[in-house]
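The values are calculated or read from the model by the stated rules, or taken from the named source; none is laboratory data. None of these values were measured; they are calculated from a predicted model. All Cβ positions, glycine included, derive from the backbone under ideal geometry; neighbour counts span all protein chains shown. The protein model used for the area step is the full one, side chains on, heavy atoms only, and it has no ligands, DNA or RNA in it. Shrake-Rupley method; radii C 1.70, N 1.55, O 1.52, S 1.80 Å.
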Amino acid sequence: MRTKPRALIALLSALVLLAGCGGSGDSGGDTNEPITIGVSLPLSGQFAQPGQQAKRGYEIWRDMVNADGGVVGRKVELKIMDDASNQDTVVADYTRLITQDKVDLLLGTFSSLLNYPASAVAEKNNMVFVEPAGGAPNMFTRGFTKLFFAQQATSDKQGEVFADWIESLPEAERPKTAAYPTLDDPFAKPVSDTLRKDLEKLGVETVYRTVYPAGTTNFQSVGAAVKGKKPDMIVNGAQFDDGVGLVRSLKQLDFSPKIMFQSSAPSEAVQYSDGVGEANTEGVFYSVSWNDRAPTPLNKEFVDEYAKRFDGALPAEDAADAFAAAQVLQAAVEGVKEIDQDKIGDWLHANEVQTILGKLSWDSAGRGKASYMLAQWQAGRPEIVAPDDVSTSKKIVNPKPDWQQ
Amino acid sequence: MAQLVQGLVLGLLIGGVYALMASGLTLIFGVLNIVNVAQGALLVLAATITWKVWSVTGLDPILLACLMGPLMFGLGWVLHKFVVSRIAGRPASMSVLLTFGIALVVEGVLTLWTGNVFHSATPSYFSQSFRIGAIALPKAQVFAFLLALVVLAAFYALLRFTWRGRAIRASAENPSSAALVGVRPGPTSSFAFALGSGTAGVGGAALAVLYPFFPASHYEWISRLLGIIVLGGMGSLPGALIGALVLGLAETLTATYASLRWSTLVFYVVIVAVLLIRPHGLFGTRVREA
């Protein structure tokens, strides 16, 4: 069953080579034809949830742009295919979008797993590929020149903004010791590892480290071990349920650090406060790519439009990331005023783009050079506390109050 | 020393809850020769209903177990009567397919109903502890453990001292002889399956307080429960109890003295070691292959 799509892809690739269409998208500048943008998204299967959110983000962007007269005077059309969260299908989809449908531009798909092969198809065909997700560091070590990650930085750098904040504290107020329990996960562990190195450089002594596997439910022993070391600060590389489990066990054992940072878990707003109890969220730090109340241009319009379409719901971060990816592409096309893949790529390497995530810019490999937002739970809701231009609260809760009874 | 005692206590507390969850699974296998892969899904279903009732009414989730047990008992009875009984007498592998299907249906229904997000019931005591010197006893774990003890004791008494219970044990040991002395296989099987589901109801109520869960959590739970009953011996109740305590202790002690990373591995190493010496598990009897 697996060989068939591969054979098909091989055949398609061969056809592409025979036809000699290495580059495409030279559909000229001054026409009134709509600009077509090809996307393949995981609308079903494992990544259906972020995939559906991304679709919403892209479509809201399209409608807002078209209502505003389009991009360089041309309306925008999206051609969205479903890759069913399958790596083979995503390759076939993008190949088809480029070679048969001859779309003018591409936008990326969701997850590193799918963006990895998809971006290779784009690069081979000399198409710019702006991806809303796919921040795994190995995406950017392949020497690609037309790949752009439309978030602040690769996922391992998520915690840097937190290290910056620690650095900004007067030396006497910095935590002396830290514990690093982390989930063995491609998104949680690199965040914890990178942060540990940064913080050690700042003189924060590592007193405890442990890596626990996915599916761990029993956190009392980790909690007990952490408590035994009495660290000033806990940095927890977490997904979701493990982050909640750790907070619960720390509370059961009655150990509250002065500073607590968790990756991912606290960003799941209501699920997190339900899981640990609202009073226990106070002062917990995390980093995030987007916030619904961040004062970035168009952010409010995006949030309002989303609420209007989907029963007052708040956009998921994935929808916002997709909206931002489309904004990046739009800015580049408007910057070079034509659809020329080389020029668009060069423009993005040289310029900074204002998005609803804040200002984004890229290094030569397409990694973001900006910093994530530092968020903190305050009075039962998440606030952005740094950087200044996107913050929603000017105060920072430090030290974290004890767990509430 | 305090650390060792703490590890032992936590391991026993959580092991008791595992035992409750696994007891139904091993009973269903013992009597019906069915590997009920849906047990994890029933657990998560019960946890979800408990969470829902708790969040709407504020009733204590662990007390809700008194409601969830009978409810899941009823559901189990219906499931067996109309679905599972159709594969009576077929090989155990058939039951794996069927109950896996049931698990997928339950997962799908839960996803539609509550969304693919984590839930947890958090009554006031969920993250508090009793303290004895340096030892912390998390209240939720203590309550869940006591609940498990009561239910397991009742379960044992029922199997031991009631006619129904003896009929179940007779069917488990020798179905054809049991039939000869007047035990009707149909109702006895339905009762056993319902009883097994009922324990998932009580276990699910405890789960709702102990851990965050979401519809697909059942995969993790069923693999843990299967590990427990394979270690203890498929179909053996004391085996499930011992297997569960071994898992609880392996988890906490390995995490305390080595790393959590190894705790799952240690448990499976124990299973493999036991199976090498006793292929039918600690308390299991050799299964006659038909």
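Taking amide H positions as placed in the peptide plane 1.01 Å from N, state which residues far from A:L78 in sequence (5 or more) or on other chains have amide H under 5 Å from it.
For A:L78, whose amide H was placed from the backbone, the distant partners under 5 Å are A:I37.
Quick one: which of A:K197/A:K394; A:K258/A:K394; A:K201/A:K251; A:K146/A:K359; A:K124/A:K343 span more than 23 angstrom between C-alpha atoms? Walk me through the numbers before you get to the answer.
On the way: A:K197/A:K394 28 Å; A:K258/A:K394 20 Å; A:K201/A:K251 30 Å; A:K146/A:K359 19 Å; A:K124/A:K343 17 Å.
Long pairs (Cα-Cα over 23 Å): A:K197/A:K394; A:K201/A:K251.
Please report Rg (one decimal) and Dmax (integer) in Å for the Cα set of the protein assembly as shown.
Using the Cα atoms of the protein assembly as shown, the pair Rg, Dmax is 28.2, 92 Å.
Leaving ligands, DNA and RNA out of it, rank A:V191, B:V230 by accessible area with a 1.4 Å probe, largest first.
B:V230, A:V191
Can you figure out the FRET efficiency of A:N351 with A:D388, using R₀ = 30 Å and their beta-carbon distance, to the nearest 0.05?
Details: r = 22 Å, r/R0 = 0.73.
Taking R0 as 30 Å, the efficiency between A:N351 and A:D388 is 0.85.
Would you mind checking which residues have amide H under 5 Å from A:G159's amide H? H placed 1.01 Å from N; only 5 or more apart, or other chain.
Residues meeting the criterion, in which the H sits 1.01 Å from N, do not exist here.
Using the Kirkwood radius over C-alpha pairs as Rh, can you work out the diffusion coefficient of the stretch A:181-291 via Stokes-Einstein at 37 °C, viscosity 0.692 mPa s, in µm² per second?
In µm²/s, the coefficient rounds to 235.
Compute for the stretch B:162-215: radius of gyration divided by Kirkwood radius, i.e. Rg/Rh, restricted to C-alpha atoms, rounded to two decimals. If you can, show how the numbers build up before the last one.
Numbers: Rg = 15.5 Å, Rh = 12.7 Å.
For the stretch B:162-215, the value is 1.22.
On the full set of protein chains, 1.4 Å probe, figure out the accessible area of A:I80 and give it in Å² to the nearest 10.
Spelled out: A:I80, probe radius 1.4 Å, area about 50 Å².
Taking N as the number of residues in the stretch B:1-119, what value does Rg over Cα atoms divided by 2.2 N^0.38 Å take?
Details: Rg = 16.8 Å, N = 119, 2.2 N^0.38 = 13.5 Å.
Against the empirical 2.2 N^0.38 Å value, I get 1.24 for the stretch B:1-119.
Please compute the length gained on full extension between B:F130 and B:L97, using 0.36 nm multiplied by the number of residues separating them and subtracting their Cα-Cα distance. Don't skip to the end; give the middle numbers.
Details: separation 33, 0.36 × 33 = 11.88 nm, distance 4.38 nm.
Length gained, B:F130 through B:L97: 7.5 nm.
Antiparallel versus total DSSP beta bridges in the protein assembly as shown: what percent is that, nearest 5?
Numbers: 19 of 48 bridges.
So the antiparallel bridges in the protein assembly as shown amount to around 40 percent.
What is the Rg over Rh value, at two decimals, for chain B, using alpha-carbon atoms and the Kirkwood definition of Rh?
On the way: Rg = 18.6 Å, Rh = 19.2 Å.
Reported Rg/Rh (Cα atoms, Kirkwood Rh): 0.97.
Which far-off residues, 5 or more places away or on another chain, put their amide H under 5 Å from the one on A:A386, with H placed in the peptide plane?
A:L374
Quick one: order A:T145, B:T48 from most to least accessible surface, probe 1.4 Å.
Working: A:T145 70, B:T48 5 Å².
Listed by decreasing accessible area, they come as A:T145, B:T48.
Using only Cα atoms, what Kirkwood radius does the stretch B:86-223 have, in angstroms?
Values: mean 1/r = 0.0555 Å⁻¹.
Over the stretch B:86-223, the inverse of the mean reciprocal pair distance is 18.0 Å.
Quick one: if you stick a label point 7 Å off each Cα along the C-beta vector at A:N138 and A:V270, how many nm between them?
Each label point lies 7 Å from its Cα, and together they span 3.7 nm.
Find, to one decimal place in angstroms, the Kirkwood hydrodynamic radius of the stretch A:260-383, where the mean of 1/r is taken over every pair of different Cα atoms and then inverted.
Numbers: mean 1/r = 0.0622 Å⁻¹.
It is 16.1 Å.
Report the B-A buried area as the accessible area lost on both sides summed, probe 1.4 Å, in Å² to the nearest 100. Walk me through the numbers before you get to the answer.
Numbers: alone 13830 and 17260 Å², together 28520 Å².
Accessible area lost upon association: around 2600 Å².
Assuming 0.890 mPa s and 25 °C, estimate D for the stretch A:48-117 with Stokes-Einstein, Rh taken as the Kirkwood radius over Cα pairs, in µm²/s. Numbers along the way, then the final one.
Details: Rh = 13.1 Å.
Reported coefficient: 187 µm²/s.
Residues of the protein assembly as shown: accessible area per residue at 1.4 Å, in Å²?
Values: 28520 Å² over 695 residues.
Heavy-atom SASA per residue in the protein assembly as shown reads 41 Å².
Suppose accessible area is computed on protein heavy atoms with a 1.4 Å probe; arrange A:S364, A:S85 from highest to lowest. Show your work: numbers first, answer last.
Numbers: A:S364 95, A:S85 15 Å².
Greatest to least solvent exposure: A:S364, A:S85.
Run the quick spin-label model on B:K52 and A:T145: label points 7 Å from Cα toward the beta carbon, then report their separation in nm to one decimal.
Simple spin-label model gives 5.8 nm for this pair.
Counting Lys +1, Arg +1, Asp -1, Glu -1, what net charge surrounds A:A48 among other residues with beta carbon under 13 Å of its beta carbon? Mind showing how you got there, number by number?
Details: positive: A:K55, A:R56; negative: A:D82, A:D83, A:D318.
Counting the neighbours of A:A48, the net charge comes to -1.
Could you please report the charge total around B:G203, scoring K, R as +1 and D, E as -1 over all other residues with beta-carbon less than 15 angstrom from its beta-carbon?
Charge balance near B:G203 sits at 0.
When the gyration tensor of the stretch B:149-290 is built from Cα positions, what are the square roots of 5 times its three eigenvalues, in whole Å, from largest to smallest? Spell out each step's value before the answer.
Numbers: eigenvalues 187, 78, 32 Å².
Whole-Å semi-axes of the equivalent ellipsoid: 31, 20, 13.
Write down the Å³ per residue value for the convex hull defined by the alpha carbon atoms of chain A.
On the way: hull volume 55.7 nm³, N = 405.
About 137 Å³ per residue, rounded to a whole number.
Counting only other chains, what is the mean number of Cβ atoms within 10 angstrom of the Cβ of each residue in peptide A:232-242?
1
Dividing the alpha-carbon Rg of the stretch B:103-143 by 2.2 N^0.38 Å yields what? It would help to have the intermediate numbers written out before the result.
Values: Rg = 16.3 Å, N = 41, 2.2 N^0.38 = 9.0 Å.
This ratio for the stretch B:103-143 stands at 1.81.
Enumerate the calculated ³J(HN,Hα) couplings along the stretch A:196-205 in order (Karplus 6.51 cos²θ - 1.76 cosθ + 1.60, θ = phi - 60°), each rounded to whole Hz, writing x wherever the residue is Gly or Pro.
Result, rounded to whole Hz: 4, 4, 4, 6, 4, 4, 7, x, 7, 7.
Please identify the chymotrypsin sites (Phe, Trp or Tyr not before Pro) of the stretch A:128-228 that satisfy two criteria: DSSP loop assignment and at most 12 other Cβ atoms within 10 Å. Which are they?
Details: sites: A:F129, A:F140, A:F144, A:F148, A:F149, A:F162, A:W165, A:F187, A:Y208, A:F219; in loops: A:F144, A:F187, A:F219.
Passing sites in the stretch A:128-228 do not exist.
Give me the base-10 log of I(q)/I(0) for the stretch A:51-196 at each q in 0.16, 0.18, 0.20 Å⁻¹, Debye formula, one uniform scatterer per Cα, rounded to two decimals.
Log10 I(q)/I(0), no solvent term: -0.93, -1.08, -1.23.
Any chance you could run the full-extension gain for B:A2 through B:R160? It's 0.36 nm times the residue separation minus the Cα-Cα distance, nm to one decimal. Present the calculation step by step, with values, prior to reporting the outcome.
On the way: separation 158, 0.36 × 158 = 56.88 nm, distance 3.88 nm.
Answer, rounded to one decimal: 53.0 nm.
In whole Hz, what ³J(HN,Hα) sequence does the stretch B:219-226 give by Karplus (6.51, -1.76, 1.60; θ = phi - 60°), x for Gly and Pro?
In residue order, the calculated couplings are 4, 5, 5, 5, 5, 5, 5, 4 Hz.
With every protein chain left in place and a probe of 1.4 Å, what is the accessible surface of A:K102, to the nearest 10 Å²?
Surface accessible to solvent at A:K102 totals approximately 130 Å².
Could you give each residue of the stretch A:374-388 its phi-based ³J(HN,Hα) in whole Hz, using Karplus coefficients 6.51, -1.76, 1.60 with θ = phi - 60°, and x for Gly or Pro?
8, 10, 9, 6, 9, 6, x, 8, x, 10, 8, 10, 6, x, 4
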